[in-house]
Each structure stands twice: as C-alpha cells, then as structure tokens.
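K.L.:
Below are the structure tokens for one structure; questions will follow.
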Amino acid sequence: MTIRILSPVWGHENWPINDFLKKVKEAGYDGVDTWLSDDPQEKKALLDGLQQYELVLVAHQHQAHGHDFEAFKTSFRHYLQICAEAQPILINSHTGRDYFSVEQNLALIDIAQEFSEQTGIIVAHETHRGRLGSAPFTITDYFEARENFLITADLSHWTCVSESMLENFQPAVEEAIKRTRHIHARVGYEQGPQVPDPRAAEWNYALNRFFTWWDAMVAHNRQLGREVFTITTEFGPPPYMQTMPYTQQPLADQFEVNNFMKNILKTRY
C-alpha cells in the first residue's frame, strides 16, 4: 500500500496557488488537501499547478451551506459535482449538520454513496464538529445504519467534544478505525482540537495516543489491500493555532509544524 502525505492549503490562501504548490513539492509532500473554487480561473490555476508539480489531490467539500435540510441537500449535491471535476483521489466531506435528524443526515450519506457509484470517487465523511460525525456518542447511529459509510478520521474533534482522550468510547473508536479511508493528522486534546505545538514534550501523551489510532487505521487499510491511502497533516492557522494575548502572534509556524508531522508520518509508514 502506498501512503500519500498531503499538505492542507488551509492557512495559505493568501499565497498565489502555484507558489504554494511549489513550496509543498519542495518540502516533500505528495499532494494537497483542499477545496475546489466555483471560479473557473482559480480552479484551472489549481489543477494546472497540480499537474506541473505532479501532486495528487484530495478534494475538500466544506462549502455546502443552508441552515435547513433542503437547502443544504441542494448545495451538497452541487459541491460534490464541483469536486468531481478535478478527479481527486477521494473527496473529504463536511457532511450535514449536527442538528439535522439522523434520517436527514442518512439521506446525505445516501446521496454521497449514489454519487460515488456514478463517478467512481469515494466520499469520506469527516468526523468534524458541527457535522454528522461530530462526536463518538452520536456517530454510532450512522455506523449501525449504513455499512458503506466511510469516514475521514479527524479524532481531534472527538477529544475536544468529549473532553477526553476517548477512554470511554472504545467501541466507537474501533468502528471508526475500520471505516477510515483518509486521516487528518492533527493532534487534539481534552480542551481543544489542536495542541499548541506537537513538538513540545508536554504534548507527548496526546501525540502518542493519536499515533495509536493512526497506526491501527493504516494497518487495517493495509490488511484490506488498499493500493493508496492518504493522510493530511492538518494543523491549522489561528484561531485553531493558539496565539499570544494582545499581539495575536501564533505560538508556532503552521507550515513547520505540519512538516514535523509529515516527516514522522513518512518515517513511520
């Protein structure tokens, strides 16, 4: 199984996309994890840059909007199609709302499954706050209802929401490991979705805990005979990254932190 380590574009939106893709390539990444713009020129610039630097893409569907279900459903279909235009390895999706009913969110999972059958592109639903996979104590409804429900595992959201390192949610974690097709390798902790700096010794307990989960996810996908498995180093910019009071200076450099994670992941896997 080939492991592809990807960089987020998130946090570098102010860079010309070609310059950032060059930076990503030189840093040793295999690709990027990002959204597709509605603007044809911006989309073309991204796709041209990916081809120029021989980088792969995980398309990030997070733009679907609408506070009521019908509006969200229409928008969700639209942005899945936008993602498909780039023929990504897979689509990482911010699916649904945590206040939609289980039946409504299941309808969105079914829309994504139908889309996958039509296009051949896997949709992995991210375990993200505010979405249908927001917590280990709510996602089990979807695991039980849909055998084909696949996820992007970002368990940093779960540690934050549950204020724990998931000690009391082992069945949900074990099922999540089996359903994972993509990882967002950000380290969370009991009071937030992102430790200030994973290089610092005081966060070793969290880093090691997350690697226990990631190891199991990689091993499971190897056992299933996957040809390619993708991991995004998804430490984010402020306000995900903590800042100094008054000056608002970030406590660490986002790209350096993600490079640190990338190097560990490449060595480990």
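Only the coordinates and a few stated rules stand behind these numbers; no lab work does. Please read these numbers as outputs of a predicted model, since none were measured by experiment. All Cβ positions, even for glycine, are placed from backbone atoms using ideal geometry, and neighbour counts span all protein chains on display.
K.L.:
Label point 7 Å out from K22 along Cα-to-Cβ: which residues of the stretch 29-61 have amide N under 12 Å?
P.N.:
What the label zone holds, given the 12 Å backbone N cut-off, is 53.
K.L.:
In which sequence would H65, H60, H157 go, from the one with the fewest C-beta neighbours within 10 Å to the one with the most?
P.N.:
So the ranking, lowest neighbour count to highest, is H65, H157, H60.
K.L.:
Still on this model: Do any GluC sites (Glu not before Pro) in the stretch 178-269 lie in a loop, going by DSSP, with at most 12 other beta-carbon atoms within 10 Å of their beta carbon, and if so which?
P.N.:
Here the GluC sites (Glu not before Pro) that fit, given the DSSP loop and packing criteria, are E190, E227.
K.L.:
Applying a 10 Å radius around every beta-carbon, put 87-98, 135-146 in order of their mean neighbour count, most first.
P.N.:
87-98, 135-146
K.L.:
On to the next question. Starting from the Cα of Y99, step 7 Å toward the Cβ, then list every residue of the stretch 65-83 with an amide N under 19 Å from that point.
P.N.:
65-76
K.L.:
Now a separate question. Could you tell me the relative contact order of the chain? Use alpha-carbon pairs under 8 Å, at least six residues apart, and round to a whole percent.
P.N.:
Computed over the chain, the figure is 18 percent.
K.L.:
Using amide H atoms built 1.01 Å from N in the peptide plane, name the residues 5+ places from Q61, or on other chains, whose amide H lies under 5 Å from its own.
P.N.:
Those lying under 5 Å, H to H, from Q61 are N92, S93, H94.
K.L.:
What does the C-alpha gyration tensor say about the overall shape of the chain? Classify as rounded when a/c is under 1.5, otherwise prolate if a/b is larger than b/c, or oblate.
P.N.:
Values: a/c = 1.33, a/b = 1.05, b/c = 1.26.
It comes out rounded by the Cα gyration axes.
K.L.:
How much mean residue ellipticity at 222 nm does the chain get from its helices, if each DSSP H run of length 4 or more adds -39500 (n - 2.57) and you divide by all residues, to the nearest 500 deg cm²/dmol?
P.N.:
-13500 deg cm²/dmol
K.L.:
Continuing with the same structure: Could you work out how far the C-alpha centroid of the stretch 1-47 sits from that of the stretch 235-261, in angstrom?
P.N.:
With the stretch 1-47 and the stretch 235-261 each reduced to a Cα centre, they are spaced 19 Å.
K.L.:
Quick one: if you stick a label point 7 Å off each Cα along the C-beta vector at E174 and E190, how many nm between them?
P.N.:
Using points 7 Å along Cα→Cβ, the separation is 2.5 nm.
K.L.:
Below 13 angstrom from the Cβ of T34, what's the summed charge of the other residues (Lys, Arg +1; Asp, Glu -1)?
P.N.:
Details: positive: K43; negative: E13, D33, E42, E234.
Taking every other residue near T34 into account, the sum is -3.
K.L.:
What shape does the stretch 52-201 take by its C-alpha gyration tensor, where a ≥ b ≥ c are the square roots of the eigenvalues and a/c under 1.5 counts as rounded, a/b above b/c as prolate, and the rest as oblate?
P.N.:
Because a/c hits 1.5 or more and a/b fails to exceed b/c, the stretch 52-201 counts as oblate.
K.L.:
Give the distance, in whole Å, between the Cα centre of the stretch 106-120 and the Cα centre of the stretch 123-146.
P.N.:
So the separation of the two Cα centres works out to 16 Å.
K.L.:
Work through the residues other than H184 whose Cβ is under 15 Å from its Cβ and net out their charges, Lys, Arg +1 and Asp, Glu -1.
P.N.:
Details: positive: R4, R129, R131, R179, R181, R186, K262; negative: D33, E126, D154, E234.
That sum, taken over residues with Cβ under 15 Å, equals +3.
K.L.:
Another question, then. Residues with beta-carbon under 10 Å from that of D98, excluding D98: net charge, scoring Lys, Arg +1 and Asp, Glu -1?
P.N.:
Local charge sum for D98: +3.
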